[in-house]
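**Student:** My questions will all concern the structure given below.
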Amino acid sequence: MSEKIRILVVDDIAETRENLAKLIGFESDMTIVGSADGGQQAVEFAKRDKPDVILMDINMPDMDGITATEIIANTVPESPVIMMSVQDEQDYLRRSMLAGAREFLVKPFSADELVNAIRHVHEIEKVKRARYQQAAPAPQPTGGGGAGGQSLRQVLEPERGKIITFFSPKGGVGRTTIATNLAVALHQSTGKPVCLVDGSLPFGDIAVILNMSPKAKTIADLVGAFDQVDAEVLETVLVSHSTGIKVLLAPPTPEAAELITGANIKKILETLRESYAYVVVDTWPSFQEQVLTMLDVADVILTLMTLEITSLKNVRVFMEIAEKLGYDDQKVQLVANRNDSSGGIKASDVEASLGRKIPHTIVSDGRALVLAVNRGVPFVISHRESQVAKDIFTLADKLSGAGEATGAATATPQKAAPKQGLRLFGAR
Ligand SMILES: Nc1ncnc2c1ncn2[C@@H]1O[C@H](COP(=O)(O)OP(=O)(O)OP(=O)(O)O)[C@@H](O)[C@H]1O
Ligand SMILES: [Mg+2]
């Protein structure tokens, strides 16, 4: 029998605590291990008993839920907090996510919403712990070589192109737009060969953005022939774009995408980097094997986010997972897209909350983007003088090492991260 999810309920109103206990009492995989009527008591309980999930009210007399969450997130990070708040407390919600809450529930919520949220944060925590246990004792891959071993590798290995994977745990934040324009900008500013890979296998739309023929070859044309894939075979399915870059398009249907495995993706990307100086990969928000491979083989993962609370929440979870996967700060770099669009939170708040810098920002410019898409021309070409294009060129310079010196210009050796199918966002 699997272990029950141990829950701590924190609310100053006894009736609410009882109601929550009743709802949770119906679930055979959950148990309440304690209840607290204030933040102070909650912190003490969390430190002592490390519950699997904490349900936390915001407004409480002694120590409020936000302060308690902040302390718990820092001292007992293995006990994720779900914040509960009433409808019009938008500001509280924002502050609680910044304090480190993993999920929020708006009162009144249904029993389903409650138990789903509990299972969701618990599931993520479990995956993190499992990954951590696997990753922690692993020795450094450059056995005994240390720094000397690395430089020797660099000398002996032929020059490999850099794989830049765009990821975001949330959809619609601009991955495809920015990946496409970055690929073109890298080619324009370095003059080197660039291949753009539409790794958003089930939902690829680069063909549309770049106005390509519906009859163009795609990665699906390789199905059945992955064993023979080499640089030459790959060239036959790459499509040339008028901007000078090559593109590997996504399959025409989601069903065809299922025929492509993580191992296939690895082979394709490793082969492409032999001929292309930059391989820019678009993805989709998922932790399926194919996406995990695109993340693992990447030299740099540009994690795109918008400065909104929902985006922050998802990025926080991804950052924790990335850490357990052994990806360092050079490998995972944050990019704030639509940086100046209203209704968001400040970049400095996000940096403080995530405890890491946002090294790259891209402004919002809907007009340039719409005009560019209508013409089927990337905006770094059609609106080269716009601020949004300049921001992309700055990003390209940083990645190619042409701009300010940045560690991003050096390929980071990969750690041997284990790769089982993680399904966090896909399994809904
Ligand atoms: N910097 C920006 N300024 C203005 N609009 C932007 C910017 N970046 C992206 N957009 C717009 O946001 C929308 C979503 O962009 P895009 O399709 O590239 O996102 P995505 O993350 O790839 O989405 P999906 O999850 O659907 O794949 C598009 O309409 C795009 O034009
Ligand atoms: Mg997309």
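Matching residues to (1) at pLDDT 90 or above; (2) of a type in the set (A, V, I, L, M); (3) open to solvent by 20 Å² or more (accessible area, probe 1.4 Å):
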site: Ala111; (1), (2), (3): yes, yes, yes
site: Gly172; (1), (2), (3): yes, no, yes
site: Ala179; (1), (2), (3): yes, yes, no
site: Gly191; (1), (2), (3): yes, no, yes
site: Ser213; (1), (2), (3): no, no, yes
site: Asp221; (1), (2), (3): yes, no, yes
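**Student:** I'd like the full set of residues that are at pLDDT below 85 and assigned to a helix (DSSP H, G or I), limited to segment 320-344.
**Tutor:** The one that is at pLDDT below 85 and assigned to a helix (DSSP H, G or I): Lys324.
**Student:** For a quick check of your reading of the model, give me the residue pairs whose first member lies in segment 226-248 and is within 22 Å of Gly262 (Cα to Cα) and outside the structural domain of Thr180 (by TED's automatic domain parsing), whose second is of a type in the set (A, V, I, L, M) and open to solvent by less than 30 Å² (accessible area, probe 1.4 Å), with beta-carbon atoms closer than 8 Å and at least 6 apart or on different chains.
**Tutor:** Close Cβ pairs (under 8 Å, with a partner that is of a type in the set (A, V, I, L, M) and open to solvent by less than 30 Å² (accessible area, probe 1.4 Å)) do not exist here.
**Student:** Spot the failing condition for Ile321; the list is (1) farther than 24 Å from Ala298 by Cα; (2) touching a residue at least 12 places away in the same chain (Cβ under 8 Å), and only one is missed.
**Tutor:** (1)
**Student:** List the helices (runs of 4 or more DSSP H) that sit entirely inside segment 345-415 and contain at least 3 residues that are under 19 Å from Leu186 (Cβ atoms), open to solvent by less than 60 Å² (accessible area, probe 1.4 Å) and at pLDDT 85 or above.
**Tutor:** Helices (runs of 4 or more DSSP H) meeting the threshold: 379-382, 387-400.
**Student:** Being assigned by TED's automatic domain parsing to the domain that holds Leu182, in a helix (DSSP H, G or I) and crowded, with 21+ Cβ neighbours inside 10 Å, is that true of even one residue in segment 269-279?
**Tutor:** Looking through segment 269-279, at least one residue is assigned by TED's automatic domain parsing to the domain that holds Leu182, in a helix (DSSP H, G or I) and crowded, with 21+ Cβ neighbours inside 10 Å.
**Student:** Among the residues of segment 297-312, is any away from ligand 1 (no atom under 16 Å from the Cβ), in contact (Cβ under 8 Å) with a residue 24 or more places away in the chain, assigned to a helix (DSSP H, G or I) and hydroxyl-bearing (Ser, Thr, Tyr)?
**Tutor:** no
**Student:** Right, something else. Return the residues of segment 184-211 that are more than 11 Å from ligand 2 (Cβ to nearest atom) and in a strand (DSSP E or B); say none if nothing qualifies.
**Tutor:** Result: Val194, Cys195, Leu196, Val197.
**Student:** When you go through Val291, Val280 one by one, which is the residue that is within 16 Å of ligand 1 (Cβ to nearest atom) and under 29 Å from Arg384 (Cβ atoms)?
**Tutor:** The unique qualifying residue is Val280.
**Student:** Restricting to segment 321-344, give me the number of residues that are open to solvent by 20 Å² or more (accessible area, probe 1.4 Å), among the basic types (Lys, Arg) and closer than 23 Å to Gly172 by Cα.
**Tutor:** 1
**Student:** Inspect all residues belonging to segment 239-247 and state whether any of them is surrounded by 13 or more Cβ atoms within 10 Å (Cβ to Cβ) and part of a helix (DSSP H, G or I).
**Tutor:** Checked against the condition, which is being surrounded by 13 or more Cβ atoms within 10 Å (Cβ to Cβ) and part of a helix (DSSP H, G or I), segment 239-247 yields no hits at all.
**Student:** The conditions are (1) aliphatic (A, V, I, L, M); (2) open to solvent by 10 Å² or more (accessible area, probe 1.4 Å); (3) in contact with a Phe, Trp or Tyr (Cβ under 7 Å, 6 or more places away or on another chain), and Val86 fails exactly one of them. Which is it?
**Tutor:** For Val86, the exception is condition (3).
**Student:** Can you tell me which of Val233, Val281 is β-branched (Val, Ile, Thr) and within 26 Å of Ile301 (Cβ to Cβ)?
**Tutor:** After applying the criteria, what remains is Val281.
**Student:** Could you please give the count of residues in segment 248-264 that are in a helix (DSSP H, G or I), closer than 14 Å to Pro202 by Cβ and open to solvent by less than 70 Å² (accessible area, probe 1.4 Å)? Can you show your working first?
**Tutor:** Going residue by residue through segment 248-264, those that are in a helix (DSSP H, G or I) are 254-257, 262-264.
Subsequent filtering for residues that are closer than 14 Å to Pro202 by Cβ retains 254-257.
Filter once more, so that each one left must be open to solvent by less than 70 Å² (accessible area, probe 1.4 Å): 254, 256-257.
Residues meeting the conditions: 3.
The values are calculated or read from the model by the stated rules, or taken from the named source; none is laboratory data. Nothing here was measured: the structure is a model prediction, and the numbers come from that model. Note: ideal-geometry Cβ built from the backbone for every residue, glycine included; neighbour counts use all protein chains shown. Calculation scope for accessible area: heavy atoms of the full protein, side chains included, ligands and nucleic acids excluded. Shrake-Rupley method; radii C 1.70, N 1.55, O 1.52, S 1.80 Å.
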